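Undergrad: Encoded as structure tokens, here's the structure I'll be asking about.
The values are calculated or read from the model by the stated rules, or taken from the named source; none is laboratory data. This is a predicted model, so every value here is computed, not measured. Glycine gets a Cβ as well: all are built from the backbone with ideal geometry, and neighbour counts include every protein chain shown.
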């Protein structure tokens, strides 16, 4: 285990430090932490003034007597931005990968506790360090209490985990980070499964899991009463319930209806909003088929490819190319769908949306294996146009 610590030029007085009901008498909190946590190595961050001060020599002698390795790392006095990045670089490079770390901020000057926290978080993500604790020795209250309590402020790191989890949920629709923050497995698993269904592009599971989440609103209220961050995230969590629909009925999938159609469109629109562009194109293509089946009242077996979805696909291709040959077995149904589309006056919008979808979807489905490299920005711009067309189509039902 490694202790990261700062040292100042103050006149350190011997005091009784107290931690976990144990007392240690010393002028240096570093000695307390080394003994209490069985530290192997101490990294001391020292400004030019500290390097010339007696405090550093006294601490070195003390740690040498304890047979603990000591590494003194230069840090600048931060007077301008370049000093800040030098400080960051020196601290970052001094910490080995995948080590267990304790941070002492007792003698951190003004801005250093704040920067120390941030650098520690960066190390956690990039060097996979384990943060075992952050401690502050409160010498200033020793006269009042008769001792100097060592206060653990590691919870501040936990709060940062909430920040990462919140950003992940709000910007990317990912919920995995909550599994280590919320103890209620029933709620967390539902939220994670819902998030995964959006990423895995299983639209029907998204509706089902969103419905499950909706049924846990009371549970979420209970959780938020004990975990304040959840209280302020409820609106974002509940927004997923907009997709909710009990899609399974007695082990069967529900008949397609307007409510399902609208919710499936919302799922695709949400995928676009968090830039899941390939998933969006897959979802919206299938949604166009759903839309046509709904218009044609072919809602019973709407998930059956040969008896429903293939017919709708052929109807679209027939609208695009009047000379397209249609199998005699489905010719009547295709003709009937064409008639409905023409009566609704939506042929142009359907054809435009379908062409935009197919070109891009095929490219993305084949991982871009095309002779011509398209502009990636076109995919998002086209998706926006498709969404606007589909909103117009929804107005026609």
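Undergrad: Restricting to the range 78-131, count the residues that are in a loop (DSSP other than H, G, I, E, B) and touching a residue at least 24 places away in the same chain (Cβ under 8 Å). Even if it seems obvious, please write down each step before you answer.
TA: Looking only at the range 78-131, we keep the residues that are in a loop (DSSP other than H, G, I, E, B), and these are 78-80, 95-99, 105-111, 127-129.
Filter once more, so that each one left must be touching a residue at least 24 places away in the same chain (Cβ under 8 Å): 78, 95-99, 105-109, 111, 127-129.
Going through the range 78-131 one residue at a time, the tally reaches 15.
Undergrad: Within the range 368-387, count every residue that is closer than 16 Å to residue 287 by Cα, within 26 Å of the chain's Cα centre (by Cα) and surrounded by fewer than 16 Cβ atoms within 10 Å (Cβ to Cβ).
TA: Total satisfying the criteria: 1.
Undergrad: How many of the residues in the range 346-367 are exposed (fewer than 13 other Cβ atoms within 10 Å of the Cβ) and over 19 Å from residue 272 (Cα atoms)?
TA: 2
Undergrad: From the list 378, 382, which residue is assigned to a helix (DSSP H, G or I) and touching a helix residue (DSSP H, G or I) at 6+ places or on another chain (Cβ under 7 Å)? Show your work before the answer.
TA: Numbers: 378 fails: touching a helix residue (DSSP H, G or I) at 6+ places or on another chain (Cβ under 7 Å).
Result: 382 is the single residue among 378, 382 that is assigned to a helix (DSSP H, G or I) and touching a helix residue (DSSP H, G or I) at 6+ places or on another chain (Cβ under 7 Å).
Undergrad: Could you check residue 315 against (1) on the phi < 0 side of the Ramachandran plot; (2) in contact (Cβ under 8 Å) with a residue 12 or more places away in the chain; (3) not in a helix (DSSP H, G or I) and say which number it fails?
TA: Checking residue 315 against (1) on the phi < 0 side of the Ramachandran plot; (2) in contact (Cβ under 8 Å) with a residue 12 or more places away in the chain; (3) not in a helix (DSSP H, G or I), the one that fails is (3).
Undergrad: While we're looking at this one, here's another question. Can you give me the number of residues within the range 100-116 that are in contact with a strand residue (DSSP E or B) (Cβ under 8 Å, 6 or more places away or on another chain) and surrounded by fewer than 17 Cβ atoms within 10 Å (Cβ to Cβ)?
TA: Number satisfying all stated conditions: 2.
Undergrad: I would also like to ask the following. Within the range 184-200, does at least one residue satisfy the condition of being crowded, with 19+ Cβ neighbours inside 10 Å, within 12 Å of the chain's Cα centre (by Cα) and under 24 Å from residue 276 (Cβ atoms)?
TA: yes
Undergrad: I'd like the full set of residues that are in contact (Cβ under 8 Å) with a residue 40 or more places away in the chain and out of contact with any helix residue (DSSP H, G or I) (no Cβ under 8 Å at 6 or more places or on another chain), limited to the range 48-73. So that I can check it myself, show each step before the final result.
TA: Here is the first cut: in the range 48-73, the ones in contact (Cβ under 8 Å) with a residue 40 or more places away in the chain are 49-50, 53, 55-56, 59.
49, 53, 55 - these are the residues of the range 48-73 that are in contact (Cβ under 8 Å) with a residue 40 or more places away in the chain and out of contact with any helix residue (DSSP H, G or I) (no Cβ under 8 Å at 6 or more places or on another chain).
Undergrad: Inside the range 17-34, can you point out the residues that are within 11 Å of residue 137 (Cβ to Cβ) and touching a residue at least 40 places away in the same chain (Cβ under 8 Å)?
TA: 17, 18, 19, 29, 30, 32, 33
Undergrad: Which members of the range 46-62 meet the condition of being under 42 Å from the mean Cα position of the chain (by Cα) and either in a loop (DSSP other than H, G, I, E, B) or modelled with pLDDT of 95 or more (or both)?
TA: Passing the criteria: only 47.
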